[in-house]
Each structure stands twice: as structure tokens, then as C-alpha cells.
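Heads up, the thing below is written out as C-alpha cells.
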Amino acid sequence: MDLDDNDFVSVETAREQVERVCRRIAMLHIAYARTLVEEFGEAKGKRTAMKAIKAYGKMIGESALQKANEKGLANTPENYAEDLPTFGLYEELERLETGHGSTIRLKGCVMGKTWKDMGEEKLGRIYCYVDPAKSMAFNPDLALVHSTCMPDGDPHCDLCYRKTTDEEKKQFLEENTDLEKVDHP
């Protein structure tokens, strides 16, 4: 699609474009995770992929923290903002109250659907640990965790904040944090 500077696209076209990028990112994640598992074996390969996702999450969280600091805002969930597209990452977003408190429900995650279509939910799930990593980089006292997650076989992803333990905060500063242990309500 060729556009001039003065052309506009519909929201539906923009959504389709973002979905394409999400599918490509999902495939990229699987390509590097598969390569790591093939090169290093399953345990070390997955651990190395987790290390990369933690580093990626830290970059996102630290960027959000810098933006909040520049605006003089506290590092609370209400002030967390990252540069994600408004649409195209998932089909629907709901905010609701559950037994885990204020919950963000994402239905139809494009990346989750891509991993399912590829039969790669387990390796794809490693990418989802970006959520606790980015939130802990923004504020080590809180982790954005999944109470449900599409790559785990759930129909949607439910995310909520929970307080982190002193041990989790200490481990987050270490090189090989096991974000799988952190990612629970």
C-alpha cells in the first residue's frame, strides 16, 4: 500500500497492519527461542530465552519509568505508560474486578493465536513474561502477572498487579531471574 503524506487509512486497515507486525514478532520470538533450544538444549535454551525477555522487559519498564519521572509522576500502575499501539494487538480489552483485584482481560491476543497456530504455545509463553519484567523494572514492588494466559490454554489473558516479595525483588536484580515463578497472582 503506497500512501502520500496527506493520505489517511481506516482504523480497520491500521488494525490489520498492526496485526501483521504482531504475527511477525510472534514468529521472530519462536525462531530465536527454537534456535536457543536447539543450540543449548531445552533447559538452557529456555532459560536463555527467558533472560532475553527479561532484558527486553527491563528496557520497556525503564523507558516507562523515565517518562513518568520526566513528568514528575510516581511509579504507580496508573502512571505506567508504554508506546504500544491502541489497537491490533488483541481483539478486545476489558477492565474488571475479579478475585485478584483490578484485572485487565485481553481477548484474542494476536501473538497467542499465532503461537497456537504454529503449535508453539510453550515457547511462545516465554514472551509473556515480559509483563512481570517490565512492571518490576518500572516499580520493583509490583509485578503485572497472568492469572490466565492464552498460551497456557486459557481462552483469554487476565493480568493483574500484585505486590512482590523481598526475595522476588532480590532475584529480579540477579542475572537469571525465573520469571515463571514470579508470574502468578
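Does the stretch 160-168 contain at least one residue that is touching an Asp or Glu at 6+ places or on another chain (Cβ under 8 Å), of a type in the set (A, V, I, L, M, F, W, C), crowded, with 16+ Cβ neighbours inside 10 Å and within 24 Å of residue 94 (Cβ to Cβ)?
Checked the stretch 160-168: no residue is touching an Asp or Glu at 6+ places or on another chain (Cβ under 8 Å), of a type in the set (A, V, I, L, M, F, W, C), crowded, with 16+ Cβ neighbours inside 10 Å and within 24 Å of residue 94 (Cβ to Cβ).
Given the conditions (1) more than 23 Å from residue 59 (Cα to Cα); (2) among the basic types (Lys, Arg); (3) modelled with pLDDT under 95, report the number of the one that residue 113 does not fulfil.
Residue 113 satisfies every listed condition except (3).
When the stretch 173-185 is examined, which residues are found to be of a type outside the set (D, E, K, R) and touching a residue at least 60 places away in the same chain (Cβ under 8 Å)?
176, 177, 179, 185
Quick one: in the stretch 73-86, which of the residues that are assigned to a loop (DSSP other than H, G, I, E, B) and of a type in the set (Asp, Glu) is modelled with the highest pLDDT?
82
Across the stretch 148-185, what is the number of residues that are of a type in the set (Asp, Glu) and either part of a helix (DSSP H, G or I) or under 13 Å from residue 103 (Cα atoms) (or both)?
The total comes to 6.
Just give me the residues in the stretch 91-111 being touching a residue at least 60 places away in the same chain (Cβ under 8 Å) and in contact with a His (Cβ under 9 Å, 6 or more places away or on another chain), in sequence order.
Correct list: 111 only.
Taking only the stretch 136-172 into account, find how many residues are over 21 Å from residue 121 (Cα atoms), touching a residue at least 12 places away in the same chain (Cβ under 8 Å) and hydroxyl-bearing (Ser, Thr, Tyr).
Matching residues across the stretch 136-172 total 2.
Just for helices (runs of 4 or more DSSP H) wholly inside the stretch 87-147: which have at least 2 residues that are among the basic types (Lys, Arg)? Quick ask: steps written out before the conclusion?
Values: elements: 110-118, 121-128, 130-138.
Because the criterion is at least 2 residues that are among the basic types (Lys, Arg), the helices (runs of 4 or more DSSP H) in the stretch 87-147 that meet it are 110-118, 121-128.
Report whether or not residue 37 is over 24 Å from residue 108 (Cα atoms) and touching a helix residue (DSSP H, G or I) at 6+ places or on another chain (Cβ under 9 Å).
Yes: the conditions hold for residue 37.
Residue under question is residue 141, and the condition is that it be modelled with pLDDT of 95 or more and either among the acidic types (Asp, Glu) or surrounded by fewer than 17 Cβ atoms within 10 Å (Cβ to Cβ) (or both); does it hold?
Working: modelled with pLDDT of 95 or more: yes; either among the acidic types (Asp, Glu) or surrounded by fewer than 17 Cβ atoms within 10 Å (Cβ to Cβ) (or both): yes.
In short, yes.
For every residue, the table says whether it meets (1) in contact with a strand residue (DSSP E or B) (Cβ under 9 Å, 6 or more places away or on another chain); (2) without any contact (Cβ under 8 Å) to a residue 40 or more places away in the chain; (3) polar (S, T, N, Q).
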position	(1), (2), (3)
38	no, yes, no
42	no, yes, no
51	no, no, no
57	no, no, no
69	no, yes, yes
77	yes, no, no
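Return a yes/no flag: does the stretch 17-38 have any residue that is surrounded by 14 or more Cβ atoms within 10 Å (Cβ to Cβ), in contact with a Ser or Thr (Cβ under 6 Å, 6 or more places away or on another chain) and more than 17 Å from residue 129 (Cβ to Cβ).
Checked the stretch 17-38: at least one residue is surrounded by 14 or more Cβ atoms within 10 Å (Cβ to Cβ), in contact with a Ser or Thr (Cβ under 6 Å, 6 or more places away or on another chain) and more than 17 Å from residue 129 (Cβ to Cβ).
If we scan the stretch 144-154, do we find a residue that is loosely packed, with under 13 Cβ neighbours inside 10 Å, within 25 Å of residue 44 (Cβ to Cβ) and either among the aliphatic types (A, V, I, L, M) or at pLDDT 95 or above (or both)?
We begin by selecting, within the stretch 144-154, every residue loosely packed, with under 13 Cβ neighbours inside 10 Å; these are 153.
Among the residues that remain, those that are also within 25 Å of residue 44 (Cβ to Cβ) are: none.
No, that holds for no residue.
The values are calculated or read from the model by the stated rules, or taken from the named source; none is laboratory data. Treat the numbers as computed from the prediction; the structure is a model and nothing was measured. In this analysis, Cβ positions are derived from the backbone assuming ideal geometry, glycine residues included, and neighbour counts consider all displayed protein chains.
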